[in-house]
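Asks: Below are the structure tokens for one structure; questions will follow.
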Amino acid sequence: MRTTVIHASWIVAYQDGEHRILHDGVVAFRGDRIIHVGQEWSQPADIVVHARGKLVIPGLISTHGHISAQAGDRLVLDGGRRDLLRSGFLNYVPRRLGGGPGFSAQEDADASIAFAFYSLLRGGVTTVVEGGNTAPVGEAMVRLASESGIRLYYSPAFAGGEYFFEADGRLQLVRDERMGLEGLERAIEFIGKYHNPDNRFHGILNPDEFYLSTPRMLCETKRAARDLGVGITLHFSEQLFEFHDTLRTTSRTPVGVLAELDFLGPEVILGHCIYLSGHSMTGYPYGGDLETLASSSCTVAHSPVPLARRGIALQSFQRYLDHGINLSIGTDSYPNDILGEMRLASYACKIVEGNHEVARAGDIFNAATLGGARALQRYDLGRLEAGAKADIVIVDFNDLAIGPVWDPIRALIHCATPHLIDTVIVDGATRVMNRELVSIDQADLLARVRQSTARVWGAFPTCHWSGRGAEDEFPVSLGEWKEPRESIQ
Ligand SMILES: [Zn+2]
């Protein structure tokens, strides 16, 4: 096994239970493990990397990412139906109740999945938890994750119901517990077949949405996760009516229901987790939910960018943190830009709280590294120390976008973009080098995913209740140029 040594101007090194800045130091790794972090390396090395003016950080962890091209989310932007109460996906995901193809029927699944993995890697994500995908693409997901080199937590999501559009556009939720339980069985089988940590693939059970789950489904998921020794993730309290319907039918908040079912625990990652008691939009200004989440040791996967696109914010990152909840960062739909999520996590909280001292850069950085590792109960990820996995990201600070550096973590959170990611190493293998993907032709991948997504958009009238084209339902920002008949030459 070869030994690689990286010399860098700044290294985020893990020491005594926290990240610290090591100036002009080294990180050495052999095979898939870090063997040394410190001021110097005096042993022989096979490969020496000089990262002068660069920052070395642990691979970032996205605890909630939708592995796809996001053909639908890209349509909605700041539009969408008012009666869907800012739930973006409900604008396009439901099929016609009378039958017909689903929104993604025309999609090239391989191109769409590969696009997501490679763009995440390009942005410095070395580990991703798939946030919820019920499509039968499990084999492609595992194969393409392995090809790309990313570390993936996934199994096909299962739901105890489905959304449909009536012919006149009314939204119907058709519940089906049997479908959910059968999906759970398939997910258990899938994990039994594919779970392979040596190949960076880990099972995690995913009952897609709390709102589409029954108590029986949740309890059986909890039991299956314990038997398999895997975690659980699901969308939770992402929709306003989910909070109110749950409150009305159970006289408990969604958090209260999970607590009563004894569902919460350190193996559970709650995607989004927005509408809790005390959130101003719920009209339920009472305490309790944050305390319950904290005492359960579960994790919140926070993706501020898609929330902001819908005019929603967590209330707030700092309140959750102060209550002792484990916070992590998710990349959700698009763009696959975890640095962008980290920056907005800080800004959105400062605005919500009206306080510049909250959601500090160090706390955000911890969420994207140590918080994600704790979510996965992986104490060998999200940190640079001897014995940890060789998941390493080098960020090139020799750039006008960064400018003068007082504090490399503030510079990273407030100034860095994915294009400054110089090198990405996962499990000791280099996947991005000199700001380029190593193992795939980026132009070809981009052409494939654009072709596939254009087909999905072109077929919009066949799947949407309205029969209208995507261009009418979700108009683009600017009108088309009209060439004048006569022009002055
Ligand atoms: Zn999601």
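Asks: Picking from Y154, Y118, Y194, which residue would you name as being over 24 Å from T423 (Cβ atoms) and within 21 Å of the chain's Cα centre (by Cα)?
Replies: Result of the check over Y154, Y118, Y194: Y154.
Asks: Go through (1) closer than 30 Å to T4 by Cβ; (2) assigned to a loop (DSSP other than H, G, I, E, B) and name the single condition E486 misses.
Replies: All conditions are met except number (1).
Asks: Which number in (1) part of a loop (DSSP other than H, G, I, E, B); (2) surrounded by fewer than 23 Cβ atoms within 10 Å (Cβ to Cβ); (3) within 16 Å of the ligand (Cβ to nearest atom); (4) among the aliphatic types (A, V, I, L, M) marks the one condition that L264 misses?
Replies: For L264, the exception is condition (3).
Asks: Identify, from the list L307, L293, the residue that is touching a Leu at 6+ places or on another chain (Cβ under 8 Å), farther than 26 Å from G79 by Cβ and part of a helix (DSSP H, G or I).
Replies: Only one candidate qualifies: L293.
Asks: Of the conditions (1) touching a residue at least 40 places away in the same chain (Cβ under 8 Å); (2) within 30 Å of G467 (Cβ to Cβ); (3) in contact with a Pro (Cβ under 9 Å, 6 or more places away or on another chain), D168 fails just one. Which one is it?
Replies: D168 satisfies every listed condition except (3).
Asks: Moving on. Please work out if P461 is surrounded by 13 or more Cβ atoms within 10 Å (Cβ to Cβ) and without any contact (Cβ under 8 Å) to a residue 60 or more places away in the chain.
Replies: yes
Asks: When you go through (1) within 16 Å of the ligand (Cβ to nearest atom); (2) in contact (Cβ under 8 Å) with a residue 40 or more places away in the chain; (3) surrounded by 21 or more Cβ atoms within 10 Å (Cβ to Cβ) one by one for A308, which number turns out not to apply?
Replies: A308 satisfies every listed condition except (3).
Asks: Could you tell me which residue of the stretch 221-261 is farthest from the ligand (Cβ to nearest atom), considering only residues that are out of contact with any helix residue (DSSP H, G or I) (no Cβ under 6 Å at 6 or more places or on another chain) and acidic (D, E)?
Replies: D227
Asks: Of everything in the stretch 340-363, what is in contact with a helix residue (DSSP H, G or I) (Cβ under 7 Å, 6 or more places away or on another chain) and more than 13 Å from S303 (Cβ to Cβ)? Give them in sequence order.
Replies: Correct list: S346, C349, E353, H356, V358, A359, A361, G362, D363.
Asks: Let me ask something additional. In the list D332, D337, D289, which residue meets the criterion of being within 16 Å of the ligand (Cβ to nearest atom) and either surrounded by 21 or more Cβ atoms within 10 Å (Cβ to Cβ) or among the polar types (S, T, N, Q) (or both)?
Replies: On inspection, the qualifying residue turns out to be D332.
Asks: If you don't mind, another one. Quick one: count up the residues across the stretch 352-411 that are in a loop (DSSP other than H, G, I, E, B) and among the small types (G, A, S).
Replies: So the count comes out to 9.
Asks: Tell me which residues, restricted to the stretch 27-53, are closer than 30 Å to D363 by Cβ and either surrounded by 24 or more Cβ atoms within 10 Å (Cβ to Cβ) or of a type in the set (A, V, I, L, M, F, W, C) (or both).
Replies: V27, A28, F29, I34, I35, V37, V49, A51
Asks: Y284 fails exactly one of the following numbered conditions: (1) of a type in the set (S, T, Y); (2) over 19 Å from S62 (Cβ atoms); (3) buried (at least 20 other Cβ atoms within 10 Å of the Cβ). What is the number of that condition?
Replies: (3)
Asks: Sticking with this one: Out of all the residues in the stretch 228-266, which are out of contact with any strand residue (DSSP E or B) (no Cβ under 6 Å at 6 or more places or on another chain), within 19 Å of F158 (Cα to Cα) and among the small types (G, A, S)?
Replies: Once the filter is applied, which keeps residues that are out of contact with any strand residue (DSSP E or B) (no Cβ under 6 Å at 6 or more places or on another chain), within 19 Å of F158 (Cα to Cα) and among the small types (G, A, S), the stretch 228-266 yields G229, S237.
Read the figures in this text as sums done on the coordinates, not as results from a lab. Here the structure is a predicted model, which means the values were calculated and not measured. Virtual Cβ from ideal backbone geometry, glycine too; neighbours counted across all protein chains shown.
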